[in-house]
Amino acid sequence: MTPDMTILIVSIAWFLGGFVNGVSGMGAAMVALPIVAGFMDMSEAVPSSCLVTCIVAGYVAWMYRRSCRMASVWPMLLGCLPGVLAGVWVLKFVPGTWLQAGLGSLLLVYMLWQYLYIPSGRHKESLPS
C-alpha cells in the first residue's frame, strides 16, 4: 500500500474516532486504533494514538476550564502519578492475555454497575444548573 493511501485511511479512521468521541464523549481511540493497526505497525499506532487522545483531552479540558472546580480536580491529578507508575509496571511484567482478560472483566463489571446503579441525588461537586 502506498504511503498516501495509508495516510488517507489513518485520517479517515481518526475522523470516525473523533465523530464517535464527539457524540458519546469517549471512544476515539477505541474506534480509530483497530483500523489504524491494520495499516501501521503497532509500535507506531499506539504512541500516535496516545498523542492524539492526549491532544483531544487537553482541548476538551481547555474548552470546559471555566466549568471545572479545581478543588475537585487536584486529587485526581495527584492520583494520576501513582497510577501512571503502576500502569507502566503492569504493562512491563503482566502477560498480555492476563491484561485482556482483566480489562474484559472490568468492562463487564462496570456495565453491570451502570445497569444496577440508582442515583442518590445531586453530589456536592455538581455545578448548579
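Mind ranking 24-37, 90-103 by how tightly packed they are, going by the mean number of other C-beta atoms within 10 angstrom, highest first?
Most protected by this proxy first, the peptides run 24-37, 90-103.
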- Here FRET efficiency (C-beta to C-beta, Met111 to Val23, R₀ 22 Å, nearest 0.05) is 0.70
- Query: In degrees from 0 to 90, rounded to the nearest 10, what is the angle of the helix 96-116 Cα long axis to the longest principal axis of the chain?
  - Reply: 40 degrees
- Query: In whole Å, what are the Cα extents of region 32-85 along the three principal axes, biggest one first?
  - Reply: 43, 27, 12
- With 0.36 nm assigned to each residue of separation and the Cα-Cα distance removed, Ser48 to Thr6 gains 13.7 nm
- Query: What ratio of Cα Rg to 2.2 N^0.38 Å holds for region 58-129?
  - Reply: 1.51
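Just the ratio, please: alpha-carbon radius of gyration of the chain over 2.2 N^0.38 Å, N its number of residues.
Working it through for the chain, the quotient is 1.29.
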- Note on the structure: For region 1-54, the Cα-Cα pair-distance distribution in 5 Å bins from 0, as whole percents, is 5, 23, 31, 25, 11, 4, 1
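We did not get these values from a lab; they are worked out from the coordinates using the rules stated. Everything quoted here is computed from the prediction, not taken from an experiment. Ideal geometry is used to build each Cβ from the backbone, glycine not excepted, and the neighbour counts take in all protein chains shown.
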